Amino acid sequence: MILSMTGYGKAESQLRGRKLICEVRSLNSKTMDLSVRLAPQLRARELDLRTIINQRLERGKVDLAIYLEEPSAVGHQLSAINWEAAKEYARQYGEEFGEPVPAEVMAAILRFPDVLKAQEDTSDITDEEWQTVQTTLNSAIEAFNAFRIQEGAALQAMFNEKLDGIADLLAQVEPFEKGRVAKIKERLEQNLAQLSKETQAQTDRNRLEQEMIYYLEKLDITEEKVRLTNHIKYFRETLSSDGSGVGKKLGFIAQEMGREINTLGSKSNQSEMQILVVKMKDILEQIKEQVFNVL
(Lines give C-alpha, C1' and ligand atoms only; values in the text may rest on other atoms or scores of the structure.)
Protein backbone atom coordinates (compact mmCIF):
# COMPACT_ATOMS: atom_id res chain seq x y z
CA MET A 1 0.00 0.00 0.00
CA ILE A 2 1.46 3.34 -1.04
CA LEU A 3 1.54 6.36 1.26
CA SER A 4 0.82 9.93 0.29
CA MET A 5 3.41 12.65 0.82
CA THR A 6 0.57 14.92 1.93
CA GLY A 7 -0.45 14.45 5.55
CA TYR A 8 -1.85 16.15 8.63
CA GLY A 9 -2.01 15.08 12.25
CA LYS A 10 -2.93 16.83 15.49
CA ALA A 11 -2.91 15.82 19.17
CA GLU A 12 -3.59 17.66 22.42
CA SER A 13 -2.80 17.23 26.12
CA GLN A 14 -2.36 19.32 29.26
CA LEU A 15 0.91 20.94 30.32
CA ARG A 16 1.38 23.52 33.08
CA GLY A 17 -2.33 24.14 33.26
CA ARG A 18 -2.49 24.94 29.56
CA LYS A 19 -3.50 23.03 26.46
CA LEU A 20 -0.46 21.54 24.69
CA ILE A 21 -1.11 21.27 20.94
CA CYS A 22 1.08 19.34 18.48
CA GLU A 23 0.47 19.66 14.73
CA VAL A 24 2.34 17.84 11.96
CA ARG A 25 1.68 18.51 8.29
CA SER A 26 3.58 17.81 5.08
CA LEU A 27 3.67 18.31 1.32
CA ASN A 28 5.77 16.54 -1.30
CA SER A 29 9.53 16.97 -1.40
CA LYS A 30 12.44 14.90 -2.71
CA THR A 31 14.15 14.99 0.69
CA MET A 32 13.28 15.76 4.31
CA ASP A 33 12.65 19.49 4.55
CA LEU A 34 11.65 20.13 8.16
CA SER A 35 10.37 23.43 9.53
CA VAL A 36 9.83 23.71 13.31
CA ARG A 37 7.82 26.25 15.31
CA LEU A 38 7.94 25.74 19.07
CA ALA A 39 6.66 27.30 22.26
CA PRO A 40 9.47 29.12 24.15
CA GLN A 41 9.50 26.40 26.83
CA LEU A 42 10.44 23.78 24.20
CA ARG A 43 13.25 25.52 22.35
CA ALA A 44 15.92 23.68 24.31
CA ARG A 45 14.40 20.40 23.03
CA GLU A 46 14.32 21.32 19.35
CA LEU A 47 17.13 18.93 18.38
CA ASP A 48 15.35 16.02 20.10
CA LEU A 49 12.09 16.88 18.34
CA ARG A 50 13.81 17.05 14.97
CA THR A 51 15.34 13.64 15.60
CA ILE A 52 11.90 12.12 16.31
CA ILE A 53 10.44 13.58 13.11
CA ASN A 54 13.39 12.50 10.95
CA GLN A 55 13.20 8.95 12.28
CA ARG A 56 9.48 8.50 11.73
CA LEU A 57 8.55 10.52 8.64
CA GLU A 58 11.37 9.66 6.16
CA ARG A 59 10.91 12.58 3.75
CA GLY A 60 8.64 15.43 2.73
CA LYS A 61 8.25 19.16 3.28
CA VAL A 62 7.23 18.79 6.93
CA ASP A 63 5.94 21.53 9.20
CA LEU A 64 5.98 20.79 12.95
CA ALA A 65 4.23 23.19 15.32
CA ILE A 66 4.06 22.67 19.11
CA TYR A 67 2.56 25.41 21.23
CA LEU A 68 0.75 26.08 24.48
CA GLU A 69 -2.66 27.64 24.13
CA GLU A 70 -2.74 30.85 26.12
CA PRO A 71 -5.39 30.84 28.88
CA SER A 72 -7.71 33.74 29.59
CA ALA A 73 -6.38 36.34 31.98
CA VAL A 74 -8.96 35.55 34.67
CA GLY A 75 -7.66 33.18 37.33
CA HIS A 76 -3.98 33.41 36.31
CA GLN A 77 -1.04 35.39 37.56
CA LEU A 78 -0.99 38.73 35.78
CA SER A 79 1.59 41.31 34.89
CA ALA A 80 1.50 44.82 36.34
CA ILE A 81 -1.18 47.07 34.93
CA ASN A 82 -0.05 49.51 32.28
CA TRP A 83 -1.59 52.54 33.96
CA GLU A 84 -0.44 54.95 31.27
CA ALA A 85 -2.41 53.04 28.65
CA ALA A 86 -5.41 52.75 31.00
CA LYS A 87 -5.40 56.52 31.67
CA GLU A 88 -5.22 57.26 27.97
CA TYR A 89 -8.28 55.11 27.29
CA ALA A 90 -10.10 56.81 30.19
CA ARG A 91 -9.16 60.27 28.89
CA GLN A 92 -10.46 59.45 25.42
CA TYR A 93 -13.71 58.18 26.94
CA GLY A 94 -14.13 61.40 28.95
CA GLU A 95 -13.52 63.60 25.92
CA GLU A 96 -15.95 61.63 23.80
CA PHE A 97 -18.83 61.42 26.29
CA GLY A 98 -18.11 64.37 28.62
CA GLU A 99 -18.51 62.38 31.81
CA PRO A 100 -16.39 60.37 34.26
CA VAL A 101 -15.61 56.79 33.30
CA PRO A 102 -18.19 54.39 34.83
CA ALA A 103 -16.88 51.48 36.90
CA GLU A 104 -17.97 48.83 34.40
CA VAL A 105 -16.24 50.69 31.53
CA MET A 106 -13.05 51.01 33.58
CA ALA A 107 -13.17 47.29 34.32
CA ALA A 108 -13.41 46.60 30.61
CA ILE A 109 -10.46 48.93 29.91
CA LEU A 110 -8.33 47.05 32.44
CA ARG A 111 -8.88 43.85 30.43
CA PHE A 112 -7.57 45.34 27.19
CA PRO A 113 -4.54 43.32 25.89
CA ASP A 114 -2.16 46.29 25.99
CA VAL A 115 -3.31 47.21 29.53
CA LEU A 116 -3.28 43.82 31.21
CA LYS A 117 -1.42 40.73 30.00
CA ALA A 118 -0.85 37.32 31.50
CA GLN A 119 2.76 36.72 32.52
CA GLU A 120 4.52 34.43 30.07
CA ASP A 121 6.17 31.33 31.49
CA THR A 122 9.29 30.73 29.41
CA SER A 123 11.17 28.37 31.71
CA ASP A 124 12.41 25.10 30.16
CA ILE A 125 10.25 22.04 30.65
CA THR A 126 11.19 19.33 33.14
CA ASP A 127 11.98 15.70 32.24
CA GLU A 128 8.49 14.67 33.35
CA GLU A 129 6.93 17.35 31.14
CA TRP A 130 9.16 16.21 28.27
CA GLN A 131 7.56 12.77 28.49
CA THR A 132 4.16 14.43 28.07
CA VAL A 133 5.41 16.30 25.02
CA GLN A 134 6.81 13.12 23.47
CA THR A 135 3.58 11.21 24.03
CA THR A 136 1.54 14.02 22.49
CA LEU A 137 3.87 14.31 19.50
CA ASN A 138 3.75 10.57 18.87
CA SER A 139 -0.06 10.70 18.94
CA ALA A 140 0.04 13.50 16.38
CA ILE A 141 2.39 11.44 14.19
CA GLU A 142 0.03 8.45 14.40
CA ALA A 143 -2.84 10.64 13.22
CA PHE A 144 -0.55 12.03 10.52
CA ASN A 145 0.37 8.54 9.26
CA ALA A 146 -3.29 7.49 9.25
CA PHE A 147 -4.00 10.49 7.03
CA ARG A 148 -1.17 9.47 4.70
CA ILE A 149 -2.55 5.94 4.43
CA GLN A 150 -6.00 7.25 3.57
CA GLU A 151 -4.65 9.61 0.92
CA GLY A 152 -2.40 6.84 -0.40
CA ALA A 153 -5.41 4.58 -0.95
CA ALA A 154 -7.10 7.32 -2.96
CA LEU A 155 -3.93 7.77 -5.05
CA GLN A 156 -3.66 4.03 -5.68
CA ALA A 157 -7.26 3.90 -6.93
CA MET A 158 -6.55 6.84 -9.24
CA PHE A 159 -3.37 5.25 -10.61
CA ASN A 160 -5.15 1.97 -11.37
CA GLU A 161 -7.89 3.86 -13.17
CA LYS A 162 -5.35 5.75 -15.31
CA LEU A 163 -3.41 2.55 -16.06
CA ASP A 164 -6.64 0.91 -17.20
CA GLY A 165 -7.14 3.86 -19.53
CA ILE A 166 -3.71 3.43 -21.13
CA ALA A 167 -4.20 -0.33 -21.45
CA ASP A 168 -7.59 0.19 -23.14
CA LEU A 169 -6.08 2.67 -25.61
CA LEU A 170 -3.24 0.26 -26.34
CA ALA A 171 -5.77 -2.47 -27.13
CA GLN A 172 -7.49 -0.10 -29.56
CA VAL A 173 -4.25 0.20 -31.54
CA GLU A 174 -4.37 -3.45 -32.68
CA PRO A 175 -7.17 -3.15 -35.30
CA PHE A 176 -5.33 -0.30 -37.03
CA GLU A 177 -2.04 -2.19 -36.81
CA LYS A 178 -3.36 -5.18 -38.74
CA GLY A 179 -4.23 -3.22 -41.86
CA ARG A 180 -1.36 -0.77 -41.53
CA VAL A 181 1.35 -2.96 -43.09
CA ALA A 182 -0.85 -3.85 -46.05
CA LYS A 183 -1.65 -0.17 -46.65
CA ILE A 184 2.01 0.82 -46.49
CA LYS A 185 2.98 -1.94 -48.92
CA GLU A 186 0.17 -0.96 -51.26
CA ARG A 187 1.25 2.67 -51.20
CA LEU A 188 4.84 1.72 -52.02
CA GLU A 189 3.64 -0.43 -54.92
CA GLN A 190 1.55 2.45 -56.25
CA ASN A 191 4.51 4.80 -56.08
CA LEU A 192 6.64 2.26 -57.93
CA ALA A 193 3.97 1.88 -60.61
CA GLN A 194 4.18 5.61 -61.30
CA LEU A 195 7.81 5.27 -62.32
CA SER A 196 8.68 4.95 -66.00
CA LYS A 197 8.71 1.50 -67.59
CA GLU A 198 12.45 1.82 -68.17
CA THR A 199 13.02 2.53 -64.52
CA GLN A 200 10.76 -0.35 -63.49
CA ALA A 201 12.67 -2.70 -65.80
CA GLN A 202 15.94 -1.69 -64.17
CA THR A 203 14.55 -2.26 -60.68
CA ASP A 204 15.91 -5.29 -58.84
CA ARG A 205 12.72 -6.88 -57.48
CA ASN A 206 14.58 -9.00 -54.96
CA ARG A 207 16.44 -5.99 -53.59
CA LEU A 208 13.17 -4.03 -53.54
CA GLU A 209 11.47 -6.76 -51.54
CA GLN A 210 14.35 -6.79 -49.07
CA GLU A 211 14.19 -3.02 -48.65
CA MET A 212 10.43 -3.14 -48.14
CA ILE A 213 10.78 -5.85 -45.52
CA TYR A 214 13.46 -3.81 -43.73
CA TYR A 215 11.29 -0.68 -43.88
CA LEU A 216 8.19 -2.48 -42.58
CA GLU A 217 10.15 -4.12 -39.77
CA LYS A 218 11.27 -0.68 -38.61
CA LEU A 219 7.62 0.34 -38.40
CA ASP A 220 6.62 -2.76 -36.44
CA ILE A 221 5.36 -1.83 -32.94
CA THR A 222 5.10 -5.28 -31.40
CA GLU A 223 8.07 -4.78 -29.08
CA GLU A 224 6.81 -1.39 -27.91
CA LYS A 225 3.40 -2.84 -27.13
CA VAL A 226 4.93 -5.71 -25.15
CA ARG A 227 7.25 -3.42 -23.18
CA LEU A 228 4.48 -0.92 -22.44
CA THR A 229 2.24 -3.75 -21.22
CA ASN A 230 5.05 -5.00 -18.95
CA HIS A 231 5.64 -1.48 -17.57
CA ILE A 232 1.95 -1.17 -16.73
CA LYS A 233 2.09 -4.51 -14.92
CA TYR A 234 5.23 -3.51 -13.00
CA PHE A 235 3.66 -0.18 -12.05
CA ARG A 236 0.70 -2.03 -10.53
CA GLU A 237 3.01 -4.42 -8.66
CA THR A 238 5.00 -1.49 -7.27
CA LEU A 239 1.79 0.15 -6.03
CA SER A 240 1.28 -2.85 -3.74
CA SER A 241 4.83 -2.84 -2.35
CA ASP A 242 5.79 -1.46 1.06
CA GLY A 243 8.76 0.56 2.24
CA SER A 244 10.37 3.85 1.33
CA GLY A 245 11.25 5.04 -2.16
CA VAL A 246 8.08 3.72 -3.81
CA GLY A 247 7.29 7.14 -5.26
CA LYS A 248 10.73 7.44 -6.86
CA LYS A 249 10.43 3.96 -8.37
CA LEU A 250 7.00 4.80 -9.79
CA GLY A 251 8.53 7.91 -11.33
CA PHE A 252 11.18 5.83 -13.11
CA ILE A 253 8.56 3.39 -14.42
CA ALA A 254 6.43 6.27 -15.70
CA GLN A 255 9.46 7.60 -17.60
CA GLU A 256 9.93 4.21 -19.29
CA MET A 257 6.24 4.12 -20.18
CA GLY A 258 6.66 7.54 -21.77
CA ARG A 259 9.53 6.30 -23.94
CA GLU A 260 7.46 3.40 -25.31
CA ILE A 261 4.46 5.65 -25.98
CA ASN A 262 6.68 8.18 -27.78
CA THR A 263 8.13 5.40 -29.95
CA LEU A 264 4.60 4.23 -30.78
CA GLY A 265 3.83 7.75 -31.90
CA SER A 266 6.94 8.05 -34.06
CA LYS A 267 6.16 4.73 -35.78
CA SER A 268 2.48 5.49 -36.29
CA ASN A 269 1.73 6.80 -39.75
CA GLN A 270 -2.02 6.69 -39.39
CA SER A 271 -4.02 9.53 -37.89
CA GLU A 272 -6.21 7.12 -35.92
CA MET A 273 -3.20 5.59 -34.19
CA GLN A 274 -1.66 8.99 -33.52
CA ILE A 275 -4.87 10.14 -31.84
CA LEU A 276 -4.69 7.11 -29.52
CA VAL A 277 -1.05 7.89 -28.74
CA VAL A 278 -1.91 11.50 -27.85
CA LYS A 279 -4.58 10.25 -25.46
CA MET A 280 -2.05 7.88 -23.85
CA LYS A 281 0.38 10.77 -23.37
CA ASP A 282 -2.32 12.86 -21.73
CA ILE A 283 -3.14 10.12 -19.23
CA LEU A 284 0.54 9.46 -18.53
CA GLU A 285 1.11 13.16 -17.74
CA GLN A 286 -1.67 12.95 -15.15
CA ILE A 287 0.07 9.93 -13.63
CA LYS A 288 3.43 11.74 -13.52
CA GLU A 289 1.91 14.73 -11.75
CA GLN A 290 0.52 12.54 -8.97
CA VAL A 291 3.61 10.33 -8.64
CA PHE A 292 5.32 13.27 -6.89
CA ASN A 293 2.76 12.91 -4.08
CA VAL A 294 3.76 9.29 -3.33
CA LEU A 295 6.19 8.70 -0.46
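The values are calculated or read from the model by the stated rules, or taken from the named source; none is laboratory data. Keep in mind the model is a prediction, meaning the values are calculated, not measured. Note that each Cβ is placed from the backbone with ideal geometry, even for glycine, and that neighbours are counted across all protein chains shown.
General remarks:
- Being assigned to a loop (DSSP other than H, G, I, E, B), within 19 Å of the chain's Cα centre (by Cα) and not charged (D, E, K, R) is a condition met by at least one residue of the stretch 31-38.
- Selection count, the stretch 261-273, where residues are surrounded by fewer than 14 Cβ atoms within 10 Å (Cβ to Cβ) and assigned to a helix (DSSP H, G or I): 3
- When the stretch 121-138 is limited to residues that are loosely packed, with under 12 Cβ neighbours inside 10 Å and assigned to a loop (DSSP other than H, G, I, E, B), the one that is modelled with the highest pLDDT turns out to be 126.
- Filter pass, residue 258 being assigned to a helix (DSSP H, G or I) and either hydrophobic (A, V, I, L, M, F, W, C) or under 25 Å from residue 8 (Cβ atoms) (or both): no
- Remark: pairs (first residue in the stretch 11-29, over 14 Å from residue 147 (Cβ atoms); second residue assigned to a strand (DSSP E or B) and basic (Lys, Arg); Cβ separation under 6 Å; 6+ apart in sequence or on different chains) = 12/19; 29/61.
- None of 104, 99, 95 is at pLDDT 85 or above and either surrounded by fewer than 16 Cβ atoms within 10 Å (Cβ to Cβ) or in a helix (DSSP H, G or I) (or both) except 104.
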